[in-house]
Amino acid sequence: MKQLQKIVQVSAMGLSLVGMVGCGAAGSASGSGGSKVVTIVVASWAGTNVTNGIIDQQLADFNKTHPDIHAVYRPIAGNYETILKTEFVSGDAPDIITLNNGGQAPVFESEGAVIPLNSYIQQSHYSLSDFFPGAMNMFEAGNTVYGIPRDQSPLVLYYNPQMFKNAGIAGPPTTWAQLQADAQKLTDPAKKIYGIVQTPQEPRWAQFLVEAGGNVMNNSMTKMTLNTPAALRGFTFFVNLYRSGVAAQPSQVGATWGGQALGMGHAAMSFEGAWAIPYLQDTYPNTPFAIATLPKGPVNNMSLDFPTAWAITKDSAHPQQAWQVIKYLTGQGQAQWVEQGGLVTVRKSLINMPYYQQHPIYHNILAQLPNAVPWNFPNGFDQYVSSTLSNVSLLAVEGKLSPQAALEQLQSQGTSILQQNGGN
């Protein structure tokens, strides 16, 4: 997910693979008996040691049953999109990459950086019917499929139940008013403890727009809608959490993201996706945490969903073998990804898998899923999504812009991008 590219470290095994395969696309080598072994490089943003290790293991399992293919994983630390774009220009991109849906997928699709998968899907009789439509649609352009969904997760409310108990709060907030009041009770700046610790990233404040009945764009993504009363109401509530002192940025408590602040004991609440579960369990096993669906806003308690997908790049010299890897990762590897990675499946047939029944920590994530809309942008918005939205919202959080002025600026810049790309 995009949030993962900003956190934690690259696994030792992943680093060793970088040394083995370098930065380029796959090549061929002689295997036992003189047969050619095709190397397929699989890349994604550098996640936690847990998620990196799972992909390493999935590819190792794949290699055992595919002796003519050697798939290796290369986690990319740093600015994932910038690094990939540089590699696409030089022709050194990996064979397979992960796409997210926040403006990245349409850019790579429209620029021809990733290839259509329809012919491979048809030739191998690979069924797409089991995937949740919302996740599948994010990686299609018309009838062309560019990515096969890997995972998804809506934003939910993570909280520390012990902190709530100590503050005399019976349970997690279910409304915006309760969220504000609880955050106030839980905040102790002298101890660097805040009711909410969260980066003012665009999805974190956009969820409040949606809950107020607004959004960044209309449903057809042809018009900016940040100048509506609903958008202003949601954004103002988000900004005021910080200005009132009950919310803090992770850097204020020595953390890099909300999940880390929660694990360190500096946050009573944070808005994250399922990716935070294995991270907290592995990195902060002594910190209690629980998960609740989002507090309801004036209109609803809708969340934003973040599907990701595997795609084959234009630079792959062996797309047929790369497709075999994707088939495995999104087929039999999907259950392994869920069980070991703690992420939300994109397959309808796995939603009731025993793993979720045995791990009730996921119940409210699954409960939030029906009330979630994909975080998605059209082509041309990659820079707007990756930096502009966050930078301008930060100015509002820090009091350098009013909420209305910030939204007006974002409305204007977004409208210009749409006009350049044929929108309104």
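The values are calculated or read from the model by the stated rules, or taken from the named source; none is laboratory data. Note that this is a predicted model, so its numbers are computed, not measured. Reconstructed Cβ throughout: ideal geometry from the backbone, glycine too, with neighbour counts over all protein chains shown.
May I ask you to verify whether residue 320 is under 30 Å from residue 131 (Cβ atoms), touching a residue at least 12 places away in the same chain (Cβ under 8 Å) and in a helix (DSSP H, G or I)? Answer is yes for this residue. Quick one: how many residues across region 107-161 are more than 22 Å from the chain's Cα centre (by Cα), closer than 23 Å to residue 293 by Cα and outside the structural domain of residue 196 (by TED's automatic domain parsing)? Number of matching residues: 0.
I'd like to check something: does region 229-243 contain any residue that is in a loop (DSSP other than H, G, I, E, B) and either surrounded by fewer than 24 Cβ atoms within 10 Å (Cβ to Cβ) or modelled with pLDDT under 95 (or both)? No, region 229-243 contains no residue that is in a loop (DSSP other than H, G, I, E, B) and either surrounded by fewer than 24 Cβ atoms within 10 Å (Cβ to Cβ) or modelled with pLDDT under 95 (or both). Within region 180-193, being outside any loop (DSSP other than H, G, I, E, B), touching a Gly at 6+ places or on another chain (Cβ under 8 Å) and in contact (Cβ under 8 Å) with a residue 24 or more places away in the chain holds for 182, 183, 184, 186, 189, 193. The number of residues in region 273-312 being buried (at least 21 other Cβ atoms within 10 Å of the Cβ), under 30 Å from residue 95 (Cα atoms) and not hydrophobic (A, V, I, L, M, F, W, C) comes to 5. Do you know which residues across region 180-219 are closer than 19 Å to residue 266 by Cα and in contact with a Lys or Arg (Cβ under 7 Å, 6 or more places away or on another chain)? Within region 180-219, just 198 meets the criteria.
For residue 165, the requirement of being surrounded by fewer than 17 Cβ atoms within 10 Å (Cβ to Cβ), free of Cβ contacts under 8 Å to residues at least 40 places away in the same chain and of a type outside the set (Ser, Thr, Tyr) is met.
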